[in-house]
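Notes for the one structure printed next.
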Amino acid sequence: MDLRDIFATNLRRVRHERGLSQDELAYEADVSRSFLSQIEKGKFYVGLEIIGKLADALSVEPTEFFRQASKVQSKRRN
């Protein structure tokens, strides 16, 4: 899995955990919904500015988007 896929998977997971729609997150992060949709599909590379905006809007550290699946699952169990 490449970093775009890891980022996309974690972004969707965090957004769902926060109970936000793509429209709501796009508004909070000041990005277009279509751009957010493409990011969540792993189609676009994301720059640091967008990573920061998404992290702020979701109230997480930017590193949360780059966690490997096994680390995320074990964190949930604890």
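The residues in region 1-18 that are outside any helix (DSSP H, G or I) and either among the basic types (Lys, Arg) or open to solvent by less than 60 Å² (accessible area, probe 1.4 Å) (or both) can be counted, and the count is 1. Whenever a residue of region 24-35 is without any contact (Cβ under 8 Å) to a residue 60 or more places away in the chain and among the β-branched types (Val, Ile, Thr), its partners that are open to solvent by less than 100 Å² (accessible area, probe 1.4 Å) and part of a helix (DSSP H, G or I), lying with C-beta atoms within less than 7 angstrom and at least six residues away or across chains, give the pairs Val31/Ile50; Val31/Lys53. Within region 42-53, identify whether any single residue is at pLDDT 95 or above, among the hydrophobic types (A, V, I, L, M, F, W, C) and open to solvent by less than 80 Å² (accessible area, probe 1.4 Å), and answer yes or no. Yes, region 42-53 contains at least one residue that is at pLDDT 95 or above, among the hydrophobic types (A, V, I, L, M, F, W, C) and open to solvent by less than 80 Å² (accessible area, probe 1.4 Å).
The values are calculated or read from the model by the stated rules, or taken from the named source; none is laboratory data. It should be emphasised that the depicted structure is a prediction, and the values quoted were computed from it without experimental measurement. In this analysis, Cβ positions are derived from the backbone assuming ideal geometry, glycine residues included, and neighbour counts consider all displayed protein chains. Keep in mind that these areas ignore ligands, DNA and RNA; they rest on the heavy atoms of the full protein, side chains included. Shrake-Rupley method; radii C 1.70, N 1.55, O 1.52, S 1.80 Å.
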